[in-house]
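Take a look at the structure set out below.
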Amino acid sequence: MLVTDLKNGTIFKENDFPFTVVKYEHVKTARGGATVRVKARNLITSQVLEKSWGSNERVEDADVMRKNAQYLYKDSGYVFMDPETFEQFSINADLMGESVKFLKEGEKVIVQYFEGNPISVDLPISLIFEVTYTEPGFKGNTVSNVLKEATLDNGTVIKVPTFIKIGDKVKIDSRTGGYLAKA
(Lines give C-alpha, C1' and ligand atoms only; values in the text may rest on other atoms or scores of the structure.)
Protein backbone atom coordinates (compact mmCIF):
# COMPACT_ATOMS: atom_id res chain seq x y z
CA MET A 1 0.00 0.00 0.00
CA LEU A 2 1.19 3.55 -0.68
CA VAL A 3 2.24 5.60 2.35
CA THR A 4 -0.32 8.22 1.30
CA ASP A 5 -3.04 5.61 1.99
CA LEU A 6 -2.07 5.49 5.67
CA LYS A 7 -4.33 7.24 8.17
CA ASN A 8 -4.91 7.14 11.93
CA GLY A 9 -5.73 3.58 12.98
CA THR A 10 -4.34 1.93 9.82
CA ILE A 11 -2.19 -1.15 10.47
CA PHE A 12 0.95 -1.83 8.43
CA LYS A 13 4.00 -4.11 8.70
CA GLU A 14 7.55 -2.84 9.31
CA ASN A 15 10.55 -5.12 10.12
CA ASP A 16 8.18 -8.11 10.57
CA PHE A 17 6.15 -6.28 13.26
CA PRO A 18 2.60 -4.88 12.97
CA PHE A 19 2.27 -1.15 13.63
CA THR A 20 -0.84 0.99 14.00
CA VAL A 21 -0.75 4.63 12.93
CA VAL A 22 -1.18 6.99 15.89
CA LYS A 23 -0.49 10.25 14.04
CA TYR A 24 -0.32 10.88 10.29
CA GLU A 25 1.10 14.01 8.67
CA HIS A 26 1.50 14.81 4.95
CA VAL A 27 4.12 17.56 4.46
CA LYS A 28 4.64 19.37 1.14
CA THR A 29 7.76 21.49 0.73
CA ALA A 30 8.13 24.26 -1.85
CA ARG A 31 10.80 22.74 -4.10
CA GLY A 32 11.11 19.22 -2.81
CA GLY A 33 8.61 16.44 -3.05
CA ALA A 34 5.97 15.68 -0.48
CA THR A 35 6.84 13.53 2.51
CA VAL A 36 4.68 11.50 4.84
CA ARG A 37 5.51 11.50 8.55
CA VAL A 38 3.96 8.86 10.77
CA LYS A 39 4.01 8.16 14.47
CA ALA A 40 3.12 4.48 14.90
CA ARG A 41 2.81 2.06 17.84
CA ASN A 42 4.09 -1.51 17.65
CA LEU A 43 1.11 -3.78 18.41
CA ILE A 44 3.31 -6.42 20.03
CA THR A 45 5.86 -4.42 22.07
CA SER A 46 3.91 -1.11 22.39
CA GLN A 47 7.07 0.75 21.29
CA VAL A 48 6.38 4.03 19.48
CA LEU A 49 8.18 4.67 16.18
CA GLU A 50 8.45 7.89 14.17
CA LYS A 51 9.16 7.43 10.49
CA SER A 52 9.21 9.52 7.28
CA TRP A 53 8.79 8.39 3.67
CA GLY A 54 8.59 10.02 0.27
CA SER A 55 4.98 10.28 -0.89
CA ASN A 56 5.47 7.66 -3.64
CA GLU A 57 6.96 4.95 -1.38
CA ARG A 58 5.12 1.84 -0.23
CA VAL A 59 4.65 0.00 3.09
CA GLU A 60 3.78 -3.65 3.54
CA ASP A 61 0.23 -4.61 4.49
CA ALA A 62 -0.06 -6.38 7.85
CA ASP A 63 -2.07 -9.58 7.97
CA VAL A 64 -4.15 -8.60 11.01
CA MET A 65 -7.41 -10.39 11.65
CA ARG A 66 -10.12 -9.57 14.20
CA LYS A 67 -12.30 -12.24 15.80
CA ASN A 68 -15.03 -12.14 18.43
CA ALA A 69 -14.30 -13.97 21.68
CA GLN A 70 -15.70 -14.33 25.17
CA TYR A 71 -13.60 -14.01 28.34
CA LEU A 72 -13.96 -17.07 30.59
CA TYR A 73 -11.49 -16.97 33.50
CA LYS A 74 -7.90 -16.31 34.62
CA ASP A 75 -5.53 -19.24 34.92
CA SER A 76 -1.80 -19.06 34.11
CA GLY A 77 -3.01 -16.66 31.41
CA TYR A 78 -6.38 -15.22 30.45
CA VAL A 79 -8.66 -17.85 28.92
CA PHE A 80 -11.04 -16.92 26.10
CA MET A 81 -13.50 -18.88 23.97
CA ASP A 82 -14.35 -18.50 20.29
CA PRO A 83 -18.19 -18.25 20.29
CA GLU A 84 -18.50 -19.96 16.90
CA THR A 85 -16.25 -23.01 17.40
CA PHE A 86 -16.30 -23.08 21.24
CA GLU A 87 -12.53 -23.52 21.09
CA GLN A 88 -10.70 -22.17 24.15
CA PHE A 89 -7.37 -20.32 23.99
CA SER A 90 -5.15 -18.49 26.45
CA ILE A 91 -3.47 -15.08 26.15
CA ASN A 92 -0.47 -14.07 28.30
CA ALA A 93 -0.91 -11.24 30.80
CA ASP A 94 1.83 -9.12 29.18
CA LEU A 95 -0.21 -8.93 25.93
CA MET A 96 -3.33 -7.83 27.80
CA GLY A 97 -1.93 -4.52 29.10
CA GLU A 98 -4.22 -2.24 31.09
CA SER A 99 -7.40 -3.86 29.78
CA VAL A 100 -7.16 -6.65 32.40
CA LYS A 101 -8.46 -4.22 35.04
CA PHE A 102 -11.85 -4.18 33.32
CA LEU A 103 -12.26 -7.82 32.27
CA LYS A 104 -15.40 -9.51 33.57
CA GLU A 105 -16.23 -13.19 33.22
CA GLY A 106 -18.54 -13.70 30.26
CA GLU A 107 -17.60 -10.35 28.65
CA LYS A 108 -17.54 -10.29 24.84
CA VAL A 109 -14.31 -8.88 23.37
CA ILE A 110 -12.52 -8.60 20.02
CA VAL A 111 -9.15 -10.34 19.73
CA GLN A 112 -6.65 -9.13 17.12
CA TYR A 113 -4.44 -11.77 15.49
CA PHE A 114 -1.18 -11.16 13.61
CA GLU A 115 0.02 -14.09 11.51
CA GLY A 116 -2.24 -16.45 13.47
CA ASN A 117 -1.11 -15.34 16.97
CA PRO A 118 -3.23 -13.17 19.28
CA ILE A 119 -1.61 -9.76 19.86
CA SER A 120 -4.26 -7.65 21.61
CA VAL A 121 -7.73 -7.67 23.13
CA ASP A 122 -10.22 -4.84 22.54
CA LEU A 123 -12.90 -4.42 25.19
CA PRO A 124 -16.22 -2.70 24.55
CA ILE A 125 -15.81 1.07 25.00
CA SER A 126 -18.20 1.26 27.94
CA LEU A 127 -18.70 -1.37 30.61
CA ILE A 128 -21.05 -1.55 33.60
CA PHE A 129 -19.80 -2.48 37.07
CA GLU A 130 -21.32 -2.51 40.56
CA VAL A 131 -19.68 -0.45 43.31
CA THR A 132 -18.81 -2.77 46.23
CA TYR A 133 -17.17 -0.17 48.48
CA THR A 134 -16.89 3.59 48.68
CA GLU A 135 -16.82 6.20 51.42
CA PRO A 136 -20.06 8.13 51.89
CA GLY A 137 -20.27 11.58 50.30
CA PHE A 138 -20.48 14.51 52.72
CA LYS A 139 -23.31 17.05 52.67
CA GLY A 140 -22.16 20.36 51.29
CA ASN A 141 -19.40 18.71 49.28
CA THR A 142 -21.24 19.42 46.03
CA VAL A 143 -18.69 21.46 44.13
CA SER A 144 -18.51 20.14 40.58
CA ASN A 145 -15.83 17.57 39.73
CA VAL A 146 -15.32 16.39 43.33
CA LEU A 147 -14.36 12.72 43.07
CA LYS A 148 -13.80 9.91 45.56
CA GLU A 149 -12.41 6.39 45.26
CA ALA A 150 -14.72 3.44 44.70
CA THR A 151 -14.00 -0.29 44.48
CA LEU A 152 -15.80 -2.14 41.69
CA ASP A 153 -17.12 -5.72 41.81
CA ASN A 154 -13.99 -6.96 39.98
CA GLY A 155 -11.65 -5.32 42.54
CA THR A 156 -10.56 -2.33 40.43
CA VAL A 157 -10.44 1.05 42.18
CA ILE A 158 -11.59 4.12 40.20
CA LYS A 159 -12.63 7.72 40.88
CA VAL A 160 -16.38 8.46 40.95
CA PRO A 161 -18.54 11.48 41.87
CA THR A 162 -19.49 11.91 45.53
CA PHE A 163 -23.17 10.92 45.02
CA ILE A 164 -22.28 7.30 44.12
CA LYS A 165 -23.10 4.80 46.91
CA ILE A 166 -22.33 1.13 47.60
CA GLY A 167 -24.53 -1.02 45.36
CA ASP A 168 -24.85 1.56 42.57
CA LYS A 169 -24.03 0.45 39.04
CA VAL A 170 -21.65 2.71 37.12
CA LYS A 171 -20.66 2.92 33.45
CA ILE A 172 -16.88 3.03 32.89
CA ASP A 173 -14.85 4.01 29.80
CA SER A 174 -12.58 0.96 29.25
CA ARG A 175 -10.01 3.01 27.29
CA THR A 176 -9.32 5.56 30.05
CA GLY A 177 -10.72 3.84 33.15
CA GLY A 178 -12.79 6.93 33.84
CA TYR A 179 -16.35 7.22 35.17
CA LEU A 180 -18.94 7.94 32.45
CA ALA A 181 -22.36 7.78 34.09
CA LYS A 182 -24.55 6.09 36.66
CA ALA A 183 -26.07 2.99 35.04
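Note on the range 9-44: residues that are of a type outside the set (D, E, K, R), within 18 Å of ASP122 (Cβ to Cβ) and surrounded by 12 or more Cβ atoms within 10 Å (Cβ to Cβ) amount to 11. When LYS139, LYS101 are checked against the criterion of being at pLDDT below 90, of a type in the set (D, E, K, R) and surrounded by fewer than 13 Cβ atoms within 10 Å (Cβ to Cβ), LYS139 stands alone in meeting it.
Inspect the range 9-18 for any residue being in contact with a strand residue (DSSP E or B) (Cβ under 7 Å, 6 or more places away or on another chain), closer than 30 Å to ALA150 by Cβ and part of a strand (DSSP E or B) and give the result as yes or no. Checked the range 9-18: no residue is in contact with a strand residue (DSSP E or B) (Cβ under 7 Å, 6 or more places away or on another chain), closer than 30 Å to ALA150 by Cβ and part of a strand (DSSP E or B).
Does GLY177 satisfy being among the small types (Gly, Ala, Ser), closer than 30 Å to LEU43 by Cα, free of Cβ contacts under 8 Å to residues at least 60 places away in the same chain and not in a strand (DSSP E or B)? Explain how you work it out, then say what you get.
Values: among the small types (Gly, Ala, Ser): yes; closer than 30 Å to LEU43 by Cα: yes; free of Cβ contacts under 8 Å to residues at least 60 places away in the same chain: no; not in a strand (DSSP E or B): yes.
Against the criterion (among the small types (Gly, Ala, Ser), closer than 30 Å to LEU43 by Cα, free of Cβ contacts under 8 Å to residues at least 60 places away in the same chain and not in a strand (DSSP E or B)), GLY177 does not qualify.
The residue that is surrounded by the fewest Cβ atoms within 10 Å (Cβ to Cβ), among those in the range 161-182 that are among the aliphatic types (A, V, I, L, M) and more than 24 Å from VAL109 (Cβ to Cβ), is ILE166. Can you confirm whether the range 55-75 contains a residue that is modelled with pLDDT under 90, surrounded by 15 or more Cβ atoms within 10 Å (Cβ to Cβ), within 23 Å of the chain's Cα centre (by Cα) and not β-branched (Val, Ile, Thr)? The answer is yes, given that some residue of the range 55-75 is modelled with pLDDT under 90, surrounded by 15 or more Cβ atoms within 10 Å (Cβ to Cβ), within 23 Å of the chain's Cα centre (by Cα) and not β-branched (Val, Ile, Thr).
The values are calculated or read from the model by the stated rules, or taken from the named source; none is laboratory data. Please read these numbers as outputs of a predicted model, since none were measured by experiment. Heads up, the Cβs are rebuilt from the backbone with ideal geometry, glycines too, and the neighbour counts pull from every protein chain shown.
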